Amino acid sequence: MTNPFDVIVDRIDRVESLIFRIEGHIKLLSQSVNEAPSNVEDRNTPATRSKAAEYLGLSRSTIDQLVRSKQLKVTKIGRAVRFQWSDLDAFIKSRKQ
């Protein structure tokens, strides 16, 4: 018969191992969320208002004002507002003097 304490220790070891793996995944996800898009794959997904503001170096309220004044193009998905990276690049080019 197996010792019940050995069974408990084995289960605790497995739980700790899973927690360690999950922490690693969370670290990777948080790093990728905080990075600015730099490759084509990232740019295939439309930007959120926050990402657009970060990319343009503006506040979210300024982004909203630009959208209301139709100076910045948006894509609406239901109530959500998304920005195409090409539109953000075009906005930057239009502002260069």
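Couple of notes before you dig in:
- D10 satisfies every condition listed in (1) at pLDDT 90 or above; (2) surrounded by 10 or more Cβ atoms within 10 Å (Cβ to Cβ); (3) among the charged types (D, E, K, R); (4) over 24 Å from the mean Cα position of the chain (by Cα) except (1).
- Cβ-Cβ under 7 Å pairs, at least 6 apart or on other chains, the stretch 48-63 side under 13 Å from F83 (Cα atoms) and free of Cβ contacts under 8 Å to residues at least 24 places away in the same chain, far side surrounded by 13 or more Cβ atoms within 10 Å (Cβ to Cβ) and of a type in the set (V, I, T): A53/I63
- Residue match in the stretch 86-96 (condition: modelled with pLDDT of 90 or more and polar (S, T, N, Q)): yes
- Restricting attention to the stretch 24-47, the residues that are at pLDDT 85 or above and either part of a strand (DSSP E or B) or touching a Phe, Trp or Tyr at 6+ places or on another chain (Cβ under 8 Å) (or both) add up to 2.
- Total residues in the stretch 61-88, condition surrounded by 13 or more Cβ atoms within 10 Å (Cβ to Cβ), assigned to a helix (DSSP H, G or I) and not polar (S, T, N, Q): 7
The values are calculated or read from the model by the stated rules, or taken from the named source; none is laboratory data. Nothing here was measured: the structure is a model prediction, and the numbers come from that model. Every residue, glycine among them, receives a Cβ derived from its backbone with ideal geometry; neighbour counts consider all protein chains shown.
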